[in-house]
Every structure is written in structure tokens, then in C-alpha cells.
Amino acid sequence: MSLTRTTCPYCGVGCGVLAGADGTIKGDPEHPANFGRLCSKGAALGETIDLDGRLLHPKVNGVDADWDTALDLVAQKFTAAIAEHGPESVAFYASGQLLTEDYYVANKLMKGFIGAANIDTNSRLCMASSVAGHKRAFGTDTVPGTYADLEQADLIVLVGSNLAWCHPVLYQRIAAAKDARPDMRIVNIDPRRTATSDLADTHLQIAPDGDIALFNGLLAHMADGGKLDAAFTDNHVNGVAGAIAAARASNPADTGLLPHELNAFFTLWARTEKVVTIYSQGVNQSGCGTDKVNAILNCHLATGRIGRAGTGPFSVTGQPNAMGGREVGGLANMLANHLELDNAAHRQVVQDFWDSPTICTQPGLKAVDLFEACAKGQIKALWVMSTNPAVSLPDAGRVAAAIAKVPFVVTSDIMEKTDTNDLAHVLLPATGWGEKDGTVTNSERRISRQRAFLPAPGRARPDWEILSDVAARMGFGDAFAYQKPADIFAEYVALDGAAAHIARDLDLSIFADADYAKMIPTQWPRNDHRFFADGTFYHPDGKARMIAVIAPVLAKPRFTLNTGRNRDQWHTMMRTGKSARLSAHLAEPYVEINPQDAVGIGAAHGDLIEVQSKHGRALSRALITPRVAKGQLFAPMHWTRQRTRHGVINTVTAPLTDPVSDQPALKSAAVSARVYRAKWYGFLACKDEPTPQTPYAAIARTKTGWQVEMAGEQDVGDWEAQGRSLSGQPGGDLSVQTDPATGSVRMAIMNNGVITALLFASPKPVVVSRTAINAMIGTNTPAILALAGRSPSDQPDAGATVCACFSVGRNSVLAAVARGAHSVTALGDATCAGTNCGSCKPELAALLAQAQLRLAAE
Ligand SMILES: Nc1nc2c(c(=O)[nH]1)N[C@H]1C(S)=C(S)[C@@H](COP(=O)(O)OP(=O)(O)OC[C@H]3O[C@@H](n4cnc5c(=O)[nH]c(N)nc54)[C@H](O)[C@@H]3O)O[C@H]1N2
Ligand SMILES: Nc1nc2c(c(=O)[nH]1)N[C@H]1C(S)=C(S)[C@@H](COP(=O)(O)OP(=O)(O)OC[C@H]3O[C@@H](n4cnc5c(=O)[nH]c(N)nc54)[C@H](O)[C@@H]3O)O[C@H]1N2
Ligand code: SF4
Ligand SMILES: [Mo]
């Protein structure tokens, strides 16, 4: 089987993948991002490329339509809205998961031909604060770092980054470097203990948004101790005195850290020459995100720890093409190719090159404001591409209602049922990963090809082509006459050439003669180029700027809701949710709560917690853990209305934004929390996809079908009818066991001796092995054994999945420990766990430690 060289469609590490039409997936040993490694999500790509749930035909008002009908309608509605209400009355909301070619075309159509800048993207929720911070400091949005720097650093500081779960292959590269050089130090700064903290020498459990106080404290400490690099700042940096004065005015106690913790960190940073500070959403997604970025950059600039190998700030990008989106100018306040929207000369270059009738002159609406404008009726036509704002924006209930108010909504997606598609008039089927061609840029500015290795399914078409066809129907055919992605890439590179006289960091000349078909992963401006090596930056005077940043006064709500990601899911789960293997790690929405807070609100293990704010409420399972500090909650962002009832955590988060970048503060909502007083709890395993309407429900894929966690506030009178309706099995033989003493009900539905559904319900959270129950669906296990909740004796219950790659459960790990596996490596030898992607190694280490404690106590 011949394999195609392509790039992973998930995170910004941008790993090379060798993929085959039969579902074969391997890490590409030649790709400089991963050298053959993959994480659990990448390794499971083969399981998510089936056509199950795909959008395969255009749909107009819920009915299949042909492309001409759908595209004519889109063009006509956008044209009419522009004619009647002006170009500002239409908007695109795009995504860092579009390919560069798609993104370039969307941006060109909106900014150069429609003539407004109402195109913003989910990168606003992701990278906007980093972009703004870079621009303030460097005069340009440059990420100077490379992955090799991480391996060369003597100190890596991870701020607001759960690298172990979110950039697993980078985490593994760092872990390997630390193995080779045990003197390397790693400090993790996060209000929550995460899998990443487990690798770190020190975890600083900072107060939410305490980061400015911390980095200001560091700067003041170094200024006081004579640790700054005056030779560097004198020649290359402005604003030094102001930034130091502001830093001295900060109170390090606002970090919530103890004096000895602060001192140890300050001393370590100050004495280590080669420091890399990696930061991500704990920094960006904040009401003071841009200031946080500059507080970090200040420390690097003040010490000259930038522009040299093994040093520098490193904002890691989240999505596969978050960086490419920034390059093509996908945000509402950027133009194209790192040119400035508010600079008339830049606009002229772009307009001349595009030969366009108009060009936007003012920034457009940014994500949160864009949907607010929808709510106010100002947007008459909206096109959402490759993103799911009804789930991923803060105050998602209001956003969904706002989208529903827009007179004409188009979505382009690969999946049919999404929370946003449910609100659209026209659905356009896009080709997905494996079916389309183009380029993506990863966190270290490396442009790699995504290549098709599968045919386009149904009527699906690539995003760039859909956009170009609409542009043509709006009368702009000449400027959008692309035949293939290579044409667009060539134009994008040529625009860079046309703007070569404008000093910028972006320089694509290395791609000028590239053979698109054979293109190998290449960094711009050149492989191994070191930005700022000669101390030249991009402000007009060639200097960098330190920014005086002031630590915010922090409110102390009863609970601060922090949100983020799980190891094995990707955002709104449209693809990862298809994999039973990936869903087995954590199969329902949960909220981490500190044990003392759990006692405070009376929550016990297995209870459901209702998190509430003035915006809305969400239900999820209590995960009682000291990993979160008192007064804080943490919930993953992944669950949608398609998979849960009341499990969308963004219905609770607030649409508060950073004043400089307009990025929403998704990590610090003020909320209250209480135990959800359910009358009953249930667990259902079944063959066919269920659509539960119970007050709480969370469905997930299993190897044998589906599972549902449920709860309700009303007594269920007729459990038999309820069980049949929940599992969609009106026929079949029913076996029911009730226990009047506990009020619990157990039920099996069998068809011709084969189990098709198993339901367990009880007034208390249901305690049965989910893995064992799921495994019995589709088997002819006798009902009596199935209802006992035990797996047949020849199949020991593996327990909740720890290693997603090899489906190794917790019980299997513990059994291996009991049999004498006393290291993560030995566990790997015994069970294979952790030997593929390694993402579960922190969990294996934690399980090992627990089990050893228990064995020692026995
Ligand atoms: N498995 C998986 N990987 C992914 C994704 C995914 O959905 N799933 N998504 C990708 C995308 S688009 C992105 S943007 C990245 C995100 O990657 P990360 O930014 O690493 O992930 P998050 O979990 O959003 O947040 C990181 C950490 O910030 C911490 N934090 C919260 N508040 C603060 C604070 O005030 N200060 C500090 N210092 N830390 C704080 C949180 O506790 C959390 O552990 O992941 C990418 N990779
Ligand atoms: N509370 C909270 N909310 C958050 C965050 C957080 O940390 N906390 N993080 C924020 C961040 S950083 C991000 S990046 C966003 C992500 O949030 P979203 O972008 O809304 O999430 P996705 O699930 O990645 O949505 C991608 C959509 O594109 C579709 N798709 C996949 N491939 C293609 C394709 O090739 N073409 C087209 N047209 N469609 C495709 C998928 O089916 C899916 O519907 O969430 C943000 N929201
Ligand atoms: S680390 Fe994992 S998700 Fe990220 S690009 Fe690599 S394989 Fe894909
Ligand atoms: Mo992101």
C-alpha cells in the first residue's frame, strides 16, 4: 500500500503523517516537527475518516440541493444584503482549521471585493493576545522560536500551557531532551495541576491571572539585582525604564505564591542564560492577555534572551493552521501577508495586486462583537466556515440565539449535525482532511503540505473552491479563477513579492519557485533562520519595545471557572468523538472541584454539579481532585448539544474580552456551583445511536455502539417503557430486575439472544463498570450475568481507559503493577501502555505511585 506524505489536522505542532486510503496512519520519520512520533489523536486519525455523520450534499433549509442552487442562493443573498445594507452588513467567521489557500481566498473576497473587514476567525479566541503582544513588542507578529530551541534550553517555563495534552509531541521532545540532559529545568505555571506539571521540576500554582504580578516581579527582581543586559537594551530596546517602574509597582503577593517559591523561580530564571518561555491559553484567554504576553516578552527583552539558540518567548499555536491564518491576514484587524490594514500604502499594494474594486479601510467586527452585532440584527448574511461558534464562543447560549436571528446563515462543514449547522439555512459540504490539498503553517513557522489520499465523498468540495464559486457568482470571477490550490499558493507568494519593499518579517521568497506537488516542510523565511539575531526588530526605529504593564486587581468570586482541553478530544468533538478508543478516556463532561469545596457544597464522588452564572447553567460530573485549588473549578470545553443535554460549558462563560486584543477571557468566569439533586441516575449501553431527552444526558461512542450517562429530577414511573424508548428498541425481549430496597432497576433488551441494550438506574449515581457493560453489547452473554454488571469470567474488566492507543485500562495497569511492573517503562513492556504516543505516561506514573503506596500499606 503506498502511503501519502501529509500533515496532521489537529494541533499546531504540525506533525508529518504517512497515510493510506485503508486507514493506515504512521508518523513521518522525515518530518522535522515530529521525526516519526504521533500522539493519541494523530495515531487515531484512521478511525475518524469514515463517512459516518458526514455532510455529503449541499442542503437548503434542511433539504438536499444541488450545488448550483445552493451557490446561487448564497451569492444572491450576500449580494442583496450588500446592495441594501452596505458591505458591513455581511460577515464571515472562519477558522484556524482552514488551509492557507482556503483562508487566503476568504480573506481576499471579504476585504478586497466585498470591501469590508467583517471576517474574523476562531483565532480571536485563541491567538489574538499573542498577536497583539508580539506587535507591541516587536512591531510585527513574529514567533521567533523553533522546536530545536526547546531541546537546547536549560530552563523551560511553561505558562498557562498544558503541553502534555495539547501539544503532546512537543512535550515528548522536551521529555526526551530532559532525559538526555537531566540538568535541564522545567517550571510549570498554572493555577491547576495538570499532566504537564508532572514532568516539571516545579509547579507554581499561581492565582488565576496572577501572571503579570509574577513576570513583573521577575523583572523587578532582575533589575534590582543587576541582572539585565544593558548592552542589549541600550542598543535594541525602548521603554525599558517605564516597564521596570511598572514592574516595581506590582505586588508579587498577588500571584498567590509563597515568598520562597517566588524567590526560587526568580533566582533560577535570572541565573539561567538559556531560557525558553512557552505560553498558551492560560496567557492568551484572559481579560489581561495581551499584558500577560508583554510581561513575559519584557523579561526576555530586558535580558537579551531572544534571538539566540535555546532562548526566547514561544507562543505555541493551537490549531493546525493558526499560524497560516495570521499570515494570510484572516483576522478582522489585519490585511494580508502581515500587511497593516490601517496603513494606506499597504492597502494600496494589496488592492493593486488583487486588482480589486475596493478595499476595506477599517477593522471589521471581532468574534464576540460580530455575534453581538448578529444579536442586534445588524448582520444580514453570515457565513461560518470550519468552526462551531454555537459551542466554542463564550456565552454560547446567547451566541446560538444571535445566529438564529440572522436572516441568512451559511455554514461550510464536513459534518452534518453540529450545533451551528442546526441554526443555518444553507449547509455546504466541504472536503475534509485526507480529501483535500493545501498547506498549513505550524508553531515554528514551518509550512507543510496536506495532501489528499482519499476521494472527495458525495458532493463535497474543497473550501477554496466553494468560496471561489460564490465570488464568481457575485461578479468577481476574474479574480477567483483558480483551478487548483497551487494557483492560490502561488498568488499568495507573489503578493509577498509585490510587497517586498515594505519591511516585514514575513518573507515567502523561498517558496517562489516551489514545486507544490513535491514541496517539503519548510520554514519561512528560511529553515533555521534566527529572528532578531542581530537585535533588529520591526518598529520603525528598528528597536523592540518593552511595555509598562500593570497587574490587574483581581475579583474573588465564590468560584472561578477555568476551562480547557482533554488529552483525547479535539474541541467540539466533531471528529475525535467518532473514535470509541478516544472517547473511552473521559466519556462525559466533568468539572474538577477541590475536595474542600466538594465538602462545602455537599458533593460526593459521582454527583452531578450544576455550574451557573448570569449567562446560563451547565451540568457535569463532579471530579473531586486536589489538582484544582480551592475556589476554582475546571471544565473541558468539548461537549456539545449534539452529545449532551446541558453539558455545554460555554453557556456559562462570560463574553468579557481583553481590551487590546479583544480575545475573550475564557479561563476565568465568575460562577456559582451546587449539587444537582437528581431523583435518579442512569447508565445505558446500546447498539444504535440514542437521542435521550432526559434532563441530564451525555452520549459517547463505544466499541460496541453507544453509551449514555443520564439523570433526571422526576420519578420515572414506567422503567420498561423508558428503557425501550431511550435505547430505541420497541421490540426485543426484556429482562428486568428491580431492587425495592435500593430503588434500583436493571434491564436488558435482547434480540435473538443477543444483547442490544443494557440499562442501569438508581437513586444514587450508578456504580457499574462501564467498560464491562459496553463490552457485553452485541454478545450473547446470559441476561442474568449481564444484569449483575460483571463481565464473563474469561474477560477481566480492563477498567477506564488510560492508554488510548492500545486501549489499556486502569485495572490492567494496576494488575501489571501488582505483578511487579515498577516503572513506566516496565508497565509499557507488560501492557504496551504508553509505548506508542506516550501521552498517557504522566497518568501511568501517577497510577504507579498510587498503587505502590497502597501495596506498601498492605
Ligand atoms: N487534546 C487536545 N489538544 C489540543 C486541542 C484540543 O482541543 N485537544 N486544541 C488545540 C488548540 S486550538 C489550542 S488553542 C491549544 C491550547 O493548549 P493549552 O493552552 O495548553 O490548553 P488549555 O487547556 O486551553 O489551557 C492551558 C492551561 O491554562 C491554564 N490556566 C488557566 N488560567 C490560567 C492563568 O490565569 N494563568 C496561567 N498561567 N494558566 C492558566 C489552565 O489551567 C490550563 O491547564 O491546544 C491545541 N491542542
Ligand atoms: N470555554 C472555552 N471555550 C473555548 C476555548 C477554551 O479554552 N475554553 N478555546 C477556544 C479556542 S483556542 C479555539 S481554537 C476554539 C475552537 O472551537 P471551534 O473552532 O468552534 O471547534 P471545532 O470543533 O474545531 O470546529 C471545527 C468545525 O470545522 C469542521 N471541519 C473540520 N474540517 C473541516 C474542513 O476541512 N472544512 C470545513 N469547512 N469544516 C471542517 C468540523 O466538523 C467542526 O464542525 O474554541 C474556543 N473556545
Ligand atoms: S502532537 Fe498530536 S495532534 Fe498535534 S500535530 Fe502531532 S499528532 Fe497531531
Ligand atoms: Mo485554539
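The values are calculated or read from the model by the stated rules, or taken from the named source; none is laboratory data. No experiment lies behind these values; they were computed from the predicted model shown. Here Cβ is always computed from backbone atoms with ideal geometry, including for glycine, and neighbour counts include all displayed protein chains.
Output the residues belonging to the range 414-449 that are under 30 Å from HIS31 (Cα atoms) and either of a type in the set (Gly, Ala, Ser) or near ligand 2 (Cβ under 9 Å from one of its atoms) (or both). Break it down into steps so the answer makes sense when it comes.
Of the residues in the range 414-449, the ones under 30 Å from HIS31 (Cα atoms) are 414-415, 430-449.
Once the filter is applied, which keeps residues that are under 30 Å from HIS31 (Cα atoms) and either of a type in the set (Gly, Ala, Ser) or near ligand 2 (Cβ under 9 Å from one of its atoms) (or both), the range 414-449 yields ILE414, MET415, ALA430, THR431, GLY432, TRP433, GLY434, GLU435, LYS436, GLY438, SER443, SER448.
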remark   = Subset of the range 301-317, residues surrounded by fewer than 24 Cβ atoms within 10 Å (Cβ to Cβ) and at negative phi, comes to THR303, ARG308, ALA309
message = Can you pull out every residue in the range 517-536 that is under 22 Å from THR303 (Cβ atoms) and acidic (Asp, Glu)?
response = ASP534
key: Answer from ALA517, ALA533 - the residue that is of a type outside the set (S, T, N, Q), within 30 Å of ALA243 (Cβ to Cβ) and loosely packed, with under 14 Cβ neighbours inside 10 Å   = ALA533
note = Expected single match for among the aromatic types (Phe, Trp, Tyr), touching a Leu at 6+ places or on another chain (Cβ under 7 Å), more than 16 Å from ligand 4 (Cβ to nearest atom) and within 28 Å of LEU125 (Cβ to Cβ) among PHE559, PHE531 is PHE559
All positions within the range 153-172 that are assigned to a loop (DSSP other than H, G, I, E, B) and within 11 Å of ligand 1 (Cβ to nearest atom) = GLY160, SER161, ASN162, HIS167
note = Here the residues within the range 37-52 that are under 18 Å from ARG451 (Cβ atoms) and either without any contact (Cβ under 8 Å) to a residue 12 or more places away in the chain or within 16 Å of ligand 1 (Cβ to nearest atom) (or both) are LEU38, GLY42, LEU45, THR48
query = Which condition does ASN780 not pass, out of (1) at pLDDT 85 or above; (2) in a helix (DSSP H, G or I); (3) of a type outside the set (D, E, K, R), if it passes all the others?
reply = (2)
query = Just checking, which of ALA21, ALA94, ALA106, ALA80 is among the small types (Gly, Ala, Ser), over 28 Å from the mean Cα position of the chain (by Cα) and away from ligand 3 (no atom under 16 Å from the Cβ)?
reply = ALA80
query = Looking at the range 827-842, which of its residues are over 14 Å from GLN172 (Cα atoms) and crowded, with 19+ Cβ neighbours inside 10 Å?
reply = LEU827, GLY828, THR831, ALA833
ask   = Which of the residues belonging to the range 825-850 are farther than 13 Å from SER812 by Cβ and among the small types (Gly, Ala, Ser)?
value = ALA826, GLY838, SER839, ALA845, ALA846, ALA849
ask   = In the range 581-596, is there at least one residue being among the acidic types (Asp, Glu) and modelled with pLDDT of 90 or more?
value = yes
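Quick check, is THR142 farther than 24 Å from GLY325 by Cα, of a type in the set (S, T, N, Q) and either in contact with a helix residue (DSSP H, G or I) (Cβ under 8 Å, 6 or more places away or on another chain) or within 16 Å of ligand 4 (Cβ to nearest atom) (or both)? Walk me through how you get there before you give the answer.
Working: farther than 24 Å from GLY325 by Cα: no; of a type in the set (S, T, N, Q): yes; either in contact with a helix residue (DSSP H, G or I) (Cβ under 8 Å, 6 or more places away or on another chain) or within 16 Å of ligand 4 (Cβ to nearest atom) (or both): yes.
So THR142 does not fit the description; no.
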message = Could you check the range 720-757 and list, in sequence order, the residues that are in a helix (DSSP H, G or I) and either farther than 21 Å from THR781 by Cβ or in contact with a Pro (Cβ under 7 Å, 6 or more places away or on another chain) (or both)?
response = ALA721, GLN722, ARG724, SER725, LEU726, SER727
ask   = Residues ALA207, ALA246: which one is in contact (Cβ under 8 Å) with a residue 12 or more places away in the chain, buried (at least 17 other Cβ atoms within 10 Å of the Cβ) and over 25 Å from LYS543 (Cα atoms)?
value = ALA207
Selection from the range 178-199 of residues that are within 16 Å of ligand 3 (Cβ to nearest atom) and small (Gly, Ala, Ser) = ALA195
note = Picking from ALA833, ALA821, ALA845, the residue that is part of a helix (DSSP H, G or I) and either in contact with a helix residue (DSSP H, G or I) (Cβ under 9 Å, 6 or more places away or on another chain) or not acidic (Asp, Glu) (or both) would be ALA845
task = Among what's in the range 55-69 and is of a type in the set (Val, Ile, Thr) and free of Cβ contacts under 8 Å to residues at least 40 places away in the same chain, pick the residue that is surrounded by the fewest Cβ atoms within 10 Å (Cβ to Cβ).
result = VAL63
query = For the subset of the range 561-580 comprising residues that are within 14 Å of ligand 3 (Cβ to nearest atom), within 17 Å of the chain's Cα centre (by Cα) and on the phi < 0 side of the Ramachandran plot, which member is modelled with the highest pLDDT?
reply = ARG565
